[in-house]
Structure formats: structure tokens, C-alpha cells
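**Student:** Handing you a structure now.
The values are calculated or read from the model by the stated rules, or taken from the named source; none is laboratory data. Predicted model only: the values in this text are computed from it and were never measured. Every residue, glycine as well, gets a Cβ built from its backbone with ideal geometry; the counts of neighbours run over all protein chains shown. In case anyone asks, the SASA skips ligands and DNA or RNA and just uses the protein heavy atoms, side chains included. Shrake-Rupley method; radii C 1.70, N 1.55, O 1.52, S 1.80 Å.
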Amino acid sequence: MSGSEGQAIDIKGGATARRLVGSVTLVGAGPGDPELLTRKGYAALQSAEVVFFDDLVSPEIVEILPAQARCVYVGKPHHKAVITQADIIAQLIAAAQTGARVVRLKGGDPMVFGRSAEEIDALRAAGIPFEIVPGVTAASASAAAMKISLTHREYASRVTLVTATRREGALTDVRGLAGAGRTVVVYMGLCKAQDLQDALVADGIDGAWPVAIVEHATRPDQRIIVTTVSDLPEAVIRESVQSPALFIVGEVVRTYIPANLETTAAADVPIASVQK
Ligand code: SAH
């Protein structure tokens, strides 16, 4: 989409003024490794005049942001309201209304826990042309990092992507999500590990049920920690797991083989093995 070709007619107080309309592309940056940016996402960045990015965009990707673009950090570190979603939307629209090609770069896939719906609504309401470029979501990246299939034929025919935290801050209702035949990938769960364990156990899940913690998937400091439901909250503290990280809950985790044991059968893999 080219930036300044679109023109909108602004009618104010009977007078008609022309104003330039740029465009906004919501680009999924993927989980961190710049090689996992799509070609389309990369091309959008290369032709961008303004780029808005946040905390989930990895330092390695921030490093390759185009020099010609005005790059604006709109992160909310540790969920502190330094900048609100409404401010971000207002800035996006204001930038596009100068006629600029704007990229809104988001970690993972923009349509998975990315608050894209609100941005899309606002862009539509403002009459700004927009496009979405998908990215590799953290669940896919984490499964690839572990070399496990989220839908292993033996163990799971269903996958649920769930955010641990609901809008009001409470744990999402996870009843019925975990168990035989099901894989659950829990996003934004680090602060909710204890609540999650309680909810899973209350839902009848065995304490020995496998869980993987994947920290910084695809980044240079990626870690994979294999544990169980009963050890999960402890493991998060013991290993001082840092954001971004997610949990994979389900029997597919049993198919993980740590790199140093690649030649060993999966059944021999000790639980609670930690691997960098
Ligand atoms: N749109 C993103 C998700 C945003 S929600 C996506 O599709 O991946 C933020 C949560 O995503 C984090 O709290 C964490 O649970 C997860 N996440 C994002 N990047 C990750 C990574 N590289 N490794 C592990 N989890 C990650």
C-alpha cells in the first residue's frame, strides 16, 4: 500500500478540505528471532515512514528497524500504564493522517492476544486503509523450539491458546481445557502460575500432568523447563523465569527430548530437566 496516494475529503463547517491519508500495516514480528519475520512483514518495515513497536518486539528485531523510519516505542513495561491503548491508537491515526506509511509492529501474531481488534475498529472508523501481516505466534515458536507437535496424534487432537489473565486481572476460567487429548498453551501466565495450578487441580488434573515452560522462545537466551502441574509455581520461582514465557500443558510435553539426550528414547527423559 503506498502512503500518500489515498485522499479523503474532510468536511468541516461546510468547507471542504483535502487531507492526505496514509496507511497502517499491522505486522506480526514473530517470537523474537528476526529470521522468523515474514518477507511481507520485512518489506512493510523497509518501506515504512513511521514504525510503532512495543516490548514484545525483541531487541534483535529493534536493531534491524529501518533507519529511514521514525521508530516510536509504545511499550507498556510490566503492564504499567506509561502509555494507554487509546494513546497508541490516537498516535497511529495521527501518523497515518499525515499521509505516512505506518507500520504497527507487534510481537508474535497481531491477531493472537495483540489488541489488534481495537486498533482495527479505530482505523475503520477513521477511514484509514490498513492491512494485516500475520506473524509466528509464541505457541508455534515454542513448539518448534521444543521439537514437539502441539497436536501429536497419540496425545492431542485439540489445542487451546489461552491468556492466563482476564481483563479484570482474574485467572481465566480454564475448566475443561486441560486433560487427556488436549494441549493448552497459556500466554501471560507467569504471575498466575499458582492460580493456574489450583484451577487445574480443582478441575481434576493430576499433579503429575506434564507442563513445559518456554522462556524467550527463539531468542538467544531461550530456555525450556519441563515440569509438572504440581511443581509449576515453584519452578517459575526456582528458575526465575522471565517474561516473555508461556506454559504448554499436556501430554505432548512427554515427547520432548532435550538436545543433550536427542538419541535417547522419549520415555527415558527425566521430568524437571532444564535446558538452555
Ligand atoms: N501476539 C503474541 C502474544 C502477545 S501476549 C503472539 O502471538 O505470540 C504476550 C505473551 O505472549 C507473553 O506473556 C508470553 O506468554 C507470550 N510470548 C510472546 N513471545 C514469547 C516468546 N518469545 N517466548 C515465550 N512466550 C512468548
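**Student:** Confirm whether D109 is at pLDDT below 95, in contact with a Pro (Cβ under 8 Å, 6 or more places away or on another chain) and either open to solvent by 70 Å² or more (accessible area, probe 1.4 Å) or of a type in the set (D, E) (or both).
**Tutor:** no
**Student:** Oh, and also: What is the number of the single condition among (1) within 20 Å of the chain's Cα centre (by Cα); (2) not in a loop (DSSP other than H, G, I, E, B) that R182 does not meet?
**Tutor:** (1)
**Student:** Output the residues belonging to the range 42-59 that are under 19 Å from H216 (Cα atoms) and open to solvent by 60 Å² or more (accessible area, probe 1.4 Å).
**Tutor:** Answer for the range 42-59, where residues must be under 19 Å from H216 (Cα atoms) and open to solvent by 60 Å² or more (accessible area, probe 1.4 Å): D55, L56, P59.
**Student:** Here's another thing I want to ask about it. Would you call Q242 within 13 Å of the ligand (Cβ to nearest atom) and either assigned to a loop (DSSP other than H, G, I, E, B) or modelled with pLDDT of 95 or more (or both)?
**Tutor:** For Q242, the condition - within 13 Å of the ligand (Cβ to nearest atom) and either assigned to a loop (DSSP other than H, G, I, E, B) or modelled with pLDDT of 95 or more (or both) - is met.
**Student:** Mind counting the residues in the range 245-276 that are outside any helix (DSSP H, G or I), at pLDDT below 95 and among the small types (G, A, S)?
**Tutor:** Count: 3.
**Student:** Something else about it: Which members of the range 118-137 meet the condition of being open to solvent by less than 50 Å² (accessible area, probe 1.4 Å) and within 19 Å of Y187 (Cα to Cα)?
**Tutor:** Listed by number, the residues that qualify are G135, V136, T137.
**Student:** Take the range 131-142 and flag every residue that is within 8 Å of the ligand (Cβ to nearest atom) and aliphatic (A, V, I, L, M).
**Tutor:** V136, A138, A139, A141
**Student:** Please verify whether the range 188-210 includes one or more residues that are within 16 Å of the ligand (Cβ to nearest atom) and either part of a strand (DSSP E or B) or without any contact (Cβ under 8 Å) to a residue 12 or more places away in the chain (or both).
**Tutor:** There is no residue in the range 188-210 that is within 16 Å of the ligand (Cβ to nearest atom) and either part of a strand (DSSP E or B) or without any contact (Cβ under 8 Å) to a residue 12 or more places away in the chain (or both).
**Student:** Taking the criterion of being modelled with pLDDT of 95 or more, surrounded by 16 or more Cβ atoms within 10 Å (Cβ to Cβ) and more than 19 Å from A199 (Cβ to Cβ), would at least one residue in the range 162-179 satisfy it?
**Tutor:** Scanning the range 162-179 turns up no residue that is modelled with pLDDT of 95 or more, surrounded by 16 or more Cβ atoms within 10 Å (Cβ to Cβ) and more than 19 Å from A199 (Cβ to Cβ).
**Student:** Same structure, new question: Count, please, the residues in the range 138-152 that happen to be open to solvent by 20 Å² or more (accessible area, probe 1.4 Å) and under 27 Å from P34 (Cβ atoms).
**Tutor:** The number of residues fulfilling the criteria is 7.
**Student:** Considering each of R104, R70, R115 in turn, give the residue that is on the phi > 0 side of the Ramachandran plot and either open to solvent by less than 10 Å² (accessible area, probe 1.4 Å) or out of contact with any Phe, Trp or Tyr (no Cβ under 9 Å at 6 or more places or on another chain) (or both).
**Tutor:** Only one candidate passes the filter, namely R115.
**Student:** Hey, can you tell me all the residues within the range 45-59 that are over 19 Å from the mean Cα position of the chain (by Cα) and closer than 19 Å to I89 by Cβ?
**Tutor:** A48, E49, V50
**Student:** Now a separate question. Determine whether V159 is open to solvent by 50 Å² or more (accessible area, probe 1.4 Å), closer than 28 Å to E262 by Cβ and not in a loop (DSSP other than H, G, I, E, B).
**Tutor:** yes
**Student:** Do you know which residues across the range 211-239 are part of a strand (DSSP E or B), surrounded by fewer than 21 Cβ atoms within 10 Å (Cβ to Cβ) and within 16 Å of the ligand (Cβ to nearest atom)?
**Tutor:** Correct list: R223 only.
**Student:** Can you pull out the residues in the range 115-130 that are within 16 Å of the ligand (Cβ to nearest atom) and in contact (Cβ under 8 Å) with a residue 60 or more places away in the chain?
**Tutor:** S116, E119, I120
**Student:** Please enumerate the residues belonging to the range 29-41 that are of a type outside the set (A, V, I, L, M) and open to solvent by less than 80 Å² (accessible area, probe 1.4 Å).
**Tutor:** G30, P31, G32, D33, P34, T38, G41
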